[in-house]
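Q: The structure is given below, and queries will be raised subsequently.
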Amino acid sequence: QVQLVESGGGQVQPGGSLRLSCVASGSIFSINDMGWYRQAPGKQREMVATITRTGSTNYADSVKGRFTISRDNAKNTEYLQMNSLKPEDTAVYYCNAMVRRVGGGFHLNTWGQGTQVTVSS
């Protein structure tokens with residue numbers, strides 16, 4: 001069994017910062033791409049940022065220059081540093097990773113349970 005557990009969400013005023021973390025645990029053989037996605041009420045889930053195992057990153061246009069994704073392969077952990085937060089960043093943020101289990105033959109698309117981020121004055 002593999003689990004992704006997010007932390008670091010909360011409420012912040014516009015212009016503030018938050019740092020999300022996501023730890024993968026269980027019988028993990030390897031992790032390829034990791035990413036953060038978000039879903040606001042009444043909207044579809046959207047990609048926020050992704051990062052490859054070697055550190056190549058990709059961002060949604062709406063967060064470029066404000067958010068930074070990173071990972072620590074030794075700790076099976078990824079992070080999302082969010083600066084200059086706006087009310088429109090309010091959403092549930094989900095951690096995602098392509099995880100290969102010990103004894104498994106391929107990488108599975110795996111999701112965390114989500115963490116709420118609310119940007120409001």
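Q: Being touching a Lys or Arg at 6+ places or on another chain (Cβ under 9 Å) and surrounded by 13 or more Cβ atoms within 10 Å (Cβ to Cβ) is the filter; apply it to the stretch 1-11 and report the residue that is nearest to V102 (Cα to Cα).
A: As a first pass, look at the stretch 1-11 and keep what is touching a Lys or Arg at 6+ places or on another chain (Cβ under 9 Å): 1-2, 8.
Okay, now just the ones that are also surrounded by 13 or more Cβ atoms within 10 Å (Cβ to Cβ), so 2, 8.
Numbers: V2: 10, G8: 28 Å.
Filtering first and then ranking leaves V2.
Q: Something else now. Quick test of your reading of the structure: E46 fulfils all but one of (1) more than 22 Å from N109 (Cα to Cα); (2) open to solvent by 50 Å² or more (accessible area, probe 1.4 Å). Name the failing condition by number.
A: The failed condition is (1).
Q: Now, a different point. Restricting to the stretch 12-43, give me the number of residues that are more than 13 Å from E78 (Cα to Cα) and either in contact with a Gly (Cβ under 7 Å, 6 or more places away or on another chain) or surrounded by 13 or more Cβ atoms within 10 Å (Cβ to Cβ) (or both).
A: Filtering the stretch 12-43 for residues more than 13 Å from E78 (Cα to Cα) gives 12-18, 26-30, 38-43.
Checking the rest, the ones that are also either in contact with a Gly (Cβ under 7 Å, 6 or more places away or on another chain) or surrounded by 13 or more Cβ atoms within 10 Å (Cβ to Cβ) (or both) come to 12, 14, 16, 18, 26, 28-30, 38-40.
So the count comes out to 11.
Q: What pairs can you find where one residue is in the stretch 7-29 and more than 30 Å from F106 (Cβ to Cβ), the other is in a loop (DSSP other than H, G, I, E, B) and basic (K, R), and their Cβ atoms are less than 9 Å apart, with a gap of 6+ or different chains?
A: Every condition considered, the pairs that remain are P14/K86; G15/K86.
Matching residues to (1) of a type in the set (A, V, I, L, M, F, W, C); (2) in a strand (DSSP E or B); (3) more than 15 Å from G9 (Cβ to Cβ); (4) without any contact (Cβ under 8 Å) to a residue 60 or more places away in the chain:
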position	(1), (2), (3), (4)
I31	yes, yes, yes, no
Y37	no, yes, no, yes
G42	no, no, yes, yes
D61	no, no, yes, yes
T68	no, yes, yes, yes
R100	no, yes, yes, no
S121	no, no, yes, no
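The values are calculated or read from the model by the stated rules, or taken from the named source; none is laboratory data. Since we're looking at a predicted model, the values are computed, not measured. Neighbour counts are summed over all protein chains in view; Cβ atoms, including those assigned to glycine, are modelled from backbone coordinates with ideal geometry. Side chains are part of the model used for accessible areas, which takes the heavy atoms of the whole protein and leaves out ligands, DNA and RNA. Shrake-Rupley method; radii C 1.70, N 1.55, O 1.52, S 1.80 Å.
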